[in-house]
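Below is one structure; the comments refer to it alone.
The values are calculated or read from the model by the stated rules, or taken from the named source; none is laboratory data. Keep in mind that this is a model prediction, so the values were computed, not measured. Please note: Cβ atoms are built from the backbone with ideal geometry, for glycine as well, and neighbour counts cover all protein chains shown.
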Amino acid sequence: LCIFQYLKQFYKQNQYPTLDQKKEISRATDLEIVQISNWFKNRRQRDKTRLECAQYGRPQMMQLQTLAYSNLPLNMNISMPYSCKSE
């Protein structure tokens, strides 16, 4: 298995690996534990975004993003949440 397939297979079984499980993944993939943690965190966020996009659809998500940031001062340096796009 390639690294990506290994991570995806593990993710299907457990989206929140323990430190010991991350060490096991690290040994199997030669990735640093921080890289593994970041991969799982990013994957959970992508899944959450996809779920929200499926529930609300793209136009509604844009409205929610607009509402979420409409009360912020204009000079704040912020980044918008993930957009609804397929990979």
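Structure data summary
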item	result
Pick from segment 9-20, criterion in contact with a helix residue (DSSP H, G or I) (Cβ under 8 Å, 6 or more places away or on another chain) and part of a helix (DSSP H, G or I), ranking: surrounded by the fewest Cβ atoms within 10 Å (Cβ to Cβ)	Leu19
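Condition check ((1) of a type in the set (Phe, Trp, Tyr); (2) modelled with pLDDT of 95 or more; (3) on the phi > 0 side of the Ramachandran plot) across all residues:
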position: Cys2; (1), (2), (3): no, no, no
position: Gln5; (1), (2), (3): no, no, no
position: Tyr11; (1), (2), (3): yes, yes, no
position: Gln15; (1), (2), (3): no, yes, no
position: Lys22; (1), (2), (3): no, yes, no
position: Ile25; (1), (2), (3): no, yes, no
position: Ile33; (1), (2), (3): no, yes, no
position: Asn38; (1), (2), (3): no, yes, no
position: Lys41; (1), (2), (3): no, yes, no
